[in-house]
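Please read the structure below before turning to the comments.
The values are calculated or read from the model by the stated rules, or taken from the named source; none is laboratory data. This structure is a prediction, so every number in the text was calculated from the model and none was measured. Heads up, the Cβs are rebuilt from the backbone with ideal geometry, glycines too, and the neighbour counts pull from every protein chain shown. Ligands, DNA and RNA are stripped out before the accessible areas are found, and what is left, the full protein with its side chains, is counted by its heavy atoms. Shrake-Rupley method; radii C 1.70, N 1.55, O 1.52, S 1.80 Å.
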Amino acid sequence: MIAYFYIKKNKTAEASECGLKLSIYADTEIIIDIFKKKAIMALLSPKDDLIKHYDNQYNCLKLELPEDKLYIAEKVYLELGNNELFLQSVIKATDYVVSMYRKPVFTISFTVIGDYISILDKNRDIPILFDNSEEAYLKTKMANLENRDDKFYDRALLGYFNNHSDYQKSEICNGNENYEVFTNGKKTYLIRKIK
């Protein structure tokens, strides 16, 4: 499996030659078979960290890793400060389905030796299955809801317009039981009311 890891450019040569040492790069802990292990978090797609992707101070390392030793976890739980849910989300990489997690990360619990590390060439490297994990997650969830609810688009638009300050309910159809009308001063949007 391929994982991606951003590293400062001045550390790239050392990492490519000596590897990504667990003792240096570990940034989380996971529990595998009741044993707590240090782990390096790596990305499923280079654009899962857009800030570093476009920052010229970083190189993206491409790691070729054995899938039987890899685990994936939901990073959002760490952002929420809930380490317990993060640990519960850890699953074998082979059990992971694209878009299962909003911000999936590989958790690598071993040192990655230099032989399995290369620098990603953003222009010529192998095509990536999906551009960004979070985008894939959102689009999949939206598609699932769309398939299950024939009024999905009206619900989505109504929620969007009700929560966006640029759009105001119009008095054009005040009291109409079938439609809500929104305007942003230039355009008018007719949204069917959901009953």
Residue-normalised accessible area of the chain, expressed per residue, 1.4 Å probe, Å²: 64 Å²
Roll a 1.4 angstrom probe over the protein heavy atoms and tell me the percent of accessible area of the chain that is carbon or sulfur. 49 percent
What's the Kirkwood radius of the range 6-101 in Å, using all Cα pairs? 14.8 Å
With R₀ set to 35 angstrom, the calculated FRET efficiency between the beta-carbons of K186 and R148, to the nearest 0.05, is 0.55
Could you run the Karplus curve 6.51 cos²θ - 1.76 cosθ + 1.60 with θ = phi - 60° over the range 84-95 and give me ³J(HN,Hα) per residue in whole Hz, x for Gly and Pro? 4, 5, 4, 4, 5, 7, 5, 9, 4, 4, 5, 8
The answer for the net charge of residues other than K139 whose Cβ lies under 11 angstrom from its Cβ, with Lys and Arg +1 and Asp and Glu -1, is -3
Name the residues whose placed amide hydrogens come within less than 5 Å of the amide hydrogen of K75, ignoring near sequence neighbours (fewer than 5 apart) on the same chain. K103, V105
About its Cα centre, how strong a charge dipole does the chain have in debye, to the nearest 20, once Lys and Arg get +1 and Asp and Glu get -1 at the Cβ? 360 debye
0 to 90° range, to nearest 10: angle between helix 152-162 axis and the chain longest Cα axis: 80 degrees
Cα extents of the chain along the principal axes, largest first, in whole Å, come to 70, 40, 28
Would you mind counting up the charge near K195? Only other residues with Cβ under 10 Å from its Cβ, with Lys and Arg at +1 and Asp and Glu at -1. +2
Pop out the ³J(HN,Hα) list for the range 36-44 in order, Karplus 6.51 cos²θ - 1.76 cosθ + 1.60 with θ = phi - 60°, rounded to Hz; leave Gly and Pro as x. 7, 10, 6, 8, 9, 8, 10, 9, 7
Phi-derived 3J(HN,Hα) across the range 18-29 with the Karplus relation (6.51, -1.76, 1.60, θ = phi - 60°), rounded Hz, x for Gly and Pro, is 9, x, 9, 6, 4, 5, 9, 9, 4, 10, 7, 10
